[in-house]
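Written below as structure tokens is the structure these notes are about.
FYI, it's all coordinate maths here, none of it is from the lab. Quantities reported herein were computed from a predicted structural model and do not represent experimental measurements. Cβ sites come from the backbone with ideal geometry, for glycine too, and all protein chains shown count toward neighbours.
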Amino acid sequence: MAYDVIIIGGSYAGLSAGLPLARARRKVLVIDAGQRRNRFAAASHGFLTQDGVPPAEIAAEGRAQLMEYGSVDWVSAEAVKAEREADGFYITDRSGKQYSARVLILATGIVDVLPDIPGVTELWGSSVFHCPYCHGYELQRGRIGVLATSPLSMHQALMLPDWGTTTLLLNEAFEPDEEQLAQLGARGVALERTPVTRLEGDPLEVLLEDNRTLSFAGLFLAPGMRLPDLVSQLNCETEEGPLGLFIKTDPMKATSVPGLFACGDAARAAGSVPLAVGDGAMAGVAAHRALMFGY
């Protein structure tokens, strides 16, 4: 079946993109692999009217509301191949089934690339975080650690004293220069240079190479970002952000490929639920305009 629009990714950006298209009575297909980026977090924060609600509940309610519109179909599958032809886009899922549409929206999200330290993956989203606006308040001004992954970790270290007493664990990722040391000192950030060997427990404990243990209410780090293979298959332009590549778009979320739009964490240098929802709404409206008036 041919659709007006295919949306790859059924999380917050994709759901939001689908809504204006559904309300315009366009035929929409959402292809979703069920791998929300924030699936490890117990609660989502900072989203107006949904503050503190479990992320899965927000996504489930969004899907239920979108599927009330009869012109929307949903496929729970992983899209593994994307091609652009003269008449539109052709998407193939892992089972080999193919779908086509005049316009395509990428709302795929990104894959977080975490440091190879025992305990980081297991504690990701519960006591190890990346966004202080999403998780800092709940730490109740307790002791906070920042695990450096690159010089960009300076930004986190300078922000986090607003949420609690902060220690920057350099972990041999970089060494602050004199100016940076002065900035850290002005914000009251302590430094720990001994490398980290592992993370454990609840409450969180950071084990160091010299056998010392530091306890924190929470630990923040800046993960690397990896885009899905579909982006390179479609040959759309990307940009280098602070943590990795993201899809380059114009203010209306159009990519360098005619008829292809991108939104959410894959298409901006910073991400959160409210930002993803706003991004998706813009992409959905822009996709509808492309259907009406061309690329």
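Determine which single condition Thr249 fails, assuming it passes every other condition in (1) in contact with a Ser or Thr (Cβ under 6 Å, 6 or more places away or on another chain); (2) surrounded by fewer than 15 Cβ atoms within 10 Å (Cβ to Cβ); (3) hydroxyl-bearing (Ser, Thr, Tyr).
Looking at each condition in turn, Thr249 falls short on (2).
Sort through Leu227, Leu275, Leu245 and tell me the only one that's within 12 Å of the chain's Cα centre (by Cα) and without any contact (Cβ under 8 Å) to a residue 24 or more places away in the chain.
Just one listed residue meets the conditions, Leu275.
What residue, among those in the range 178-198 that are outside any helix (DSSP H, G or I) and of a type in the set (A, V, I, L, M, F, W, C), is surrounded by the most Cβ atoms within 10 Å (Cβ to Cβ)?
Val196
Restricting the search to the range 236-279, which residues are farther than 20 Å from Ile91 by Cβ, part of a strand (DSSP E or B) and of a type outside the set (Asp, Glu)?
Correct list: Leu245, Phe246.
Return only the number of the condition from (1) touching a strand residue (DSSP E or B) at 6+ places or on another chain (Cβ under 8 Å); (2) surrounded by fewer than 18 Cβ atoms within 10 Å (Cβ to Cβ) that Ser153 does not satisfy.
(2)
Between Ala262, Ala281, which is in contact with a Ser or Thr (Cβ under 8 Å, 6 or more places away or on another chain), surrounded by fewer than 20 Cβ atoms within 10 Å (Cβ to Cβ) and of a type in the set (A, V, I, L, M, F, W, C)?
Exactly one of Ala262, Ala281 is in contact with a Ser or Thr (Cβ under 8 Å, 6 or more places away or on another chain), surrounded by fewer than 20 Cβ atoms within 10 Å (Cβ to Cβ) and of a type in the set (A, V, I, L, M, F, W, C), namely Ala281.
I need the full set of residues from the range 221-235 which are more than 22 Å from His288 (Cα to Cα) and part of a loop (DSSP other than H, G, I, E, B), in order please.
Those that are more than 22 Å from His288 (Cα to Cα) and part of a loop (DSSP other than H, G, I, E, B): Ala222, Pro223, Leu227, Pro228, Asn235.
What are the residues in the range 94-142 that are surrounded by 18 or more Cβ atoms within 10 Å (Cβ to Cβ), at negative phi and more than 20 Å from the chain's Cα centre (by Cα), if any?
Tyr99, Ala101, Arg102, Val103, Ile117, Leu139
If I ask for residues that are in contact with a Leu (Cβ under 8 Å, 6 or more places away or on another chain) and either over 20 Å from Tyr133 (Cβ atoms) or surrounded by fewer than 20 Cβ atoms within 10 Å (Cβ to Cβ) (or both), which ones from the range 168-177 would you list?
Leu169, Leu170, Asn171, Pro176
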